[in-house]
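The values are calculated or read from the model by the stated rules, or taken from the named source; none is laboratory data. Bear in mind that the values here come from a model prediction, so they are computed numbers and not experimental data. Note that each Cβ is placed from the backbone with ideal geometry, even for glycine, and that neighbours are counted across all protein chains shown.
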Amino acid sequence: MQLEVGSILEGKVTKITRFGAFVALPEGKTGLVHISEIADTYVNDVRDHVQEGQTVKVKVIGIGDEGKINLSIKKAEEKPRQPQPRPQHVQNQAGAGYSELSFEDKLKLFLQESDSKIASSKLYEGRRVSSRRRKS
């Protein structure tokens, strides 16, 4: 099953951080639900909305160049809404239509990509440290 932007899937919350929740997806892939994509209301603490081990319905809202998967819980549930004048998120900053995004959407996209990069560098760093310990 190929993941595509717009796909709606079920996954299990594997880790919760201050900036979002990591969700295990089919085929062993993992994506990040940024704190801004947890709920339609203000989210102060991610744990108020999801728990580790919980199965959640998520929508793929972006796939980065390095294969990082951005997810949304609030967009997975289709709710009748008034038409939004703002354009939808693009896959990455180089994508077509990026210049049409509002400042708030550009900032939100930047923060999501930044948090994703920080999380994966910490994940890599943790694996690197633990592999050194095993060799000793």
Across region 37-59, which residue is surrounded by the fewest Cβ atoms within 10 Å (Cβ to Cβ) among those that are of a type outside the set (D, E, K, R) and touching a Lys or Arg at 6+ places or on another chain (Cβ under 6 Å)?
-> THR55
Would you check if GLN112 is at pLDDT 80 or above and within 18 Å of GLU10 (Cβ to Cβ)?
-> no
Does region 48-65 include one or more residues that are modelled with pLDDT of 90 or more, in contact with a helix residue (DSSP H, G or I) (Cβ under 6 Å, 6 or more places away or on another chain) and small (Gly, Ala, Ser)?
-> no
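Residues GLU27, GLU10, GLU77, GLU4: which one is touching a Ser or Thr at 6+ places or on another chain (Cβ under 7 Å) and in contact (Cβ under 8 Å) with a residue 12 or more places away in the chain? Outline the logic, then answer.
Details: GLU27 fails: touching a Ser or Thr at 6+ places or on another chain (Cβ under 7 Å); GLU77 fails: touching a Ser or Thr at 6+ places or on another chain (Cβ under 7 Å); GLU4 fails: touching a Ser or Thr at 6+ places or on another chain (Cβ under 7 Å).
Just a single option satisfies the conditions, and that option is GLU10.
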So which strands (runs of 3 or more DSSP E) are wholly in region 1-78 and hold at least 2 residues that are farther than 24 Å from ASP105 by Cα?
-> 8-17, 55-63
